[in-house]
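Presented below is the structure to which this report refers.
The values are calculated or read from the model by the stated rules, or taken from the named source; none is laboratory data. Bear in mind that the values here come from a model prediction, so they are computed numbers and not experimental data. When we count neighbours, we look across all protein chains shown, and the Cβ atoms used for this are built from the backbone with ideal geometry, even at glycine.
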Amino acid sequence: MTPDEQVAIRRLAEDIPTLWTAPTTTAADRQAIARLMLERVVITVAGTSEKVAVVCHWAGGVQTHHSLRRPVARVSQLSTHAALRQRIAKSGAKEAPPHPLADAPGLWVRDPDGTHIQVIAADKVSPATRDVSVSPPPPTPGKGAAPSRSKAGKARPQRLSHVLLFSPDVPRSVRFYSEALGLRLSDNSGDIIAFMHGAHASDHHMLAFAKSDAPGLHHSSWAVPSIEDVGIGMQQMEDAGYKEGWGVGRHVIGSNYFRYIRDPWGSFAEYSAGIDFIGADDEWIPQDHPLEDSFYVWGPSTPDYFIENHESPARGG
Ligand SMILES: [Fe+2]
């Protein structure tokens, strides 16, 4: 090795950050560097909580401090548990026994409308980034792009997108879910309807409220990859005998393409594609939309039964 080469290698060894971030340095290389330089790692868990402090002792005596979160099994282990209970108590909502039809773990609360809420410690299940819509494959030159009906396949929901509940007091519901549970208002139309998202990135709405004389379920919404799947979902449900519903259309608030299917109890399940996504670092300013201009961009006329609350006592619910 020439003296020049020795100097170059020595210089590189002194510039570990450059070596670490070099595009040619692989994950395995970084592991090898860390093994050479790291003398000891001390991991301290704060009680039984999710908080973990990590101290790395490096060659030469340097220490670096890091914090991690570990998964925990019970909501009572969370470092935020006491503050969460305080916020719930301050909101006026009451902790409650588990719903008789549900599993028991977690913190059970009745929201201001009396709906059971189960708060559990779990991994985030809503997407961290916007879903990438799967476009249909590009057409083969000289052939039509649409599949034959027998080969169109089935619409398969990928996940639950959101739930819309009836509430006698929409602003009160928004206050509870934001101040006690940490959701955020996305958009609303006066005190008639409001849409809320998760602070750590979610669809434009995970939970929404529409004004009624009583609490009730309006719809659950299921994400599919594209408007093609919304249409195929409509067709397969019609073929199965579920002809009542609304759509295909496109919402203004949330931007999603939709088809609602009326279920045998009078509430709805929605096929939804292309809903707006609010990332954890996105600045989203809620807007109060005029109701008459914010329901849908295009679609068939809304059937009268679409806005009925089948759980309302006035309707025998
Ligand atoms: Fe919806």
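Here are a few things to note about the model shown:
- Yes/no for Gly61 being in the same structural domain as Arg110 (by TED's automatic domain parsing) and more than 25 Å from the chain's Cα centre (by Cα): no
- For the residues Asp131, Asp187, the requirement of being under 17 Å from the mean Cα position of the chain (by Cα) and modelled with pLDDT under 95 singles out Asp131.
- Only one entry of Tyr260, Tyr305 meets the criterion of being closer than 25 Å to Asp191 by Cα, among the hydroxyl-bearing types (Ser, Thr, Tyr) and touching a Gly at 6+ places or on another chain (Cβ under 7 Å), and that entry is Tyr260.
- Residue match in region 168-184 (condition: buried (at least 19 other Cβ atoms within 10 Å of the Cβ), of a type outside the set (Gly, Ala, Ser) and under 22 Å from Tyr305 (Cβ atoms)): yes
- Verdict on Phe166 being assigned by TED's automatic domain parsing to the domain that holds Tyr260 and touching a helix residue (DSSP H, G or I) at 6+ places or on another chain (Cβ under 6 Å): no
- Of all residues in region 232-270, exactly one satisfies the criterion of being within 11 Å of the ligand (Cβ to nearest atom), at positive phi and modelled with pLDDT of 95 or more, namely Gly254.
- With respect to (1) among the small types (Gly, Ala, Ser); (2) at positive phi; (3) within 24 Å of the chain's Cα centre (by Cα), the lone exception for Ser76 is condition (2).
- Single unsatisfied condition, Glu228 versus (1) under 19 Å from the mean Cα position of the chain (by Cα); (2) modelled with pLDDT under 95: (1)
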